[in-house]
Amino acid sequence: MMDLDSIMTMAPVIPVLVVDDVAHARPLAEALVAGGLPILEVTLRTPVALDVITEMAKVPGAIVGAGTVISAGDLSAALVAGARFVVSPGITAALGSAARTSGVPFLPGVASASDIIRAQEMGFNRLKFFPAVASGGLPLLRALAAPFGHVRFCPTGGITPETAGQWLAEPSVVCVGGSWIAGRGETDWAAIEARARAAAALPR
């Protein structure tokens, strides 16, 4: 099993995907991998999300995880579906315990100093800063990063291709989550691959 650092450093952007049609899973994953973004976060926001994870996991080179994991049940179902990492918008004792017990790479969401302390108490110091822009953007991230020097972040939420580079320039940021790579329901695989290629080339 890959560790979280390996997952977060593989590409500067993790596509955050909302997929409503299982038939789109494999061509979408193929386009993203071809564009240089192999780490794929499939959000558990649609009835077919678990099936999408299973299908995407069959694509050579794709490392597929589950996002919007908000309970131990979600985490368990995601692992059965083939998720190799899990991402949550927040963190609770129950969810943190389930992740530790499973051993799966877990990226919990934080938006405050108390969230970060809670995550650290459970042994997590690789964190999703979410919702990044709505919570306070770069000024808040910098303020939070200052007293937590060994914590590293994947900001997600409101980041655009125009602003991604600013986030990636922060020393505390390893990668960002991006929903702009593939819009919900989009099937222009060539355009998605092109956006992936541009994102994969972002400096950090």
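Readers should treat all values here as calculations from the given coordinates under stated rules, not as data from a laboratory. Bear in mind the structure is a predicted one, so any value in this text is a computation, not a measurement. A quick note on method: Cβ atoms are made from the backbone with ideal geometry, for glycine too, and the neighbour counts reach across all protein chains shown.
At-a-glance table
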item: Residue-count net charge about residue 16 - beta-carbon cut-off 15 Å; Lys, Arg +1, Asp, Glu -1; result: +1
item: Among 152, 45, 126: highest mean-square fluctuation, GNM of the chain, C-alpha pairs under 10 Å; result: 45
item: Alpha-carbon centroid distance for the pair the stretch 105-155 / the stretch 49-104, whole angstrom; result: 20 Å
item: Neighbourhood net charge (13 Å Cβ-Cβ; Lys/Arg +1, Asp/Glu -1) for residue 195; result: -3
item: Antiparallel DSSP beta bridges within the stretch 4-200, as percent of all bridges there, nearest 5; result: 0 percent
item: Equivalent ellipsoid, the stretch 72-175 (semi-axes from 5 times Cα gyration tensor eigenvalues, Å); result: 24, 16, 11
item: Total formal charge among the other residues, if their Cβ is under 13 angstrom from that of residue 181, Lys/Arg +1 and Asp/Glu -1; result: -1
item: Under-5 Å amide H pairs with residue 176, H placed in peptide plane, nonlocal only; result: 13, 14
item: GNM flexibility winner over the chain from 32, 138, 44 (Cα, springs under 10 Å); result: 138
item: Relative intensity, log₁₀ I(q)/I(0), of the stretch 152-191 from a Debye sum that treats every alpha carbon as a point, q = 0.18 Å⁻¹; result: -0.54
item: Choice from 25, 113, 182 showing the highest fluctuation, given a GNM over the chain with Cα pairs closer than 10 Å; result: 113
item: Vicinal HN-Hα couplings computed from phi for the stretch 10-22 (Karplus, 6.51 cos²θ - 1.76 cosθ + 1.60; Hz; Gly/Pro x); result: 5, 8, x, 10, 9, x, 9, 10, 10, 10, 9, 10, 4
item: The chain: relative contact order as a whole-number percent, Cα under 8 Å and 6+ apart; result: 25 percent
item: Debye intensity ratio I(q)/I(0), log10, the stretch 120-177, q values 0.17, 0.29 Å⁻¹ (C-alpha model); result: -0.48, -1.32
item: Cβ-based charge dipole, the chain, positive-most Cα from 127, 80, 144; result: 144
item: For the chain, the Rg and Dmax computed from alpha carbons only, in angstrom; result: 15.6, 46
item: Hz values of 3J(HN,Hα) by residue in the stretch 39-54 - Karplus curve (6.51, -1.76, 1.60), Gly and Pro given as x; result: 8, 10, 9, 9, 6, 7, 10, 10, x, 9, 4, 5, 5, 5, 4, 4
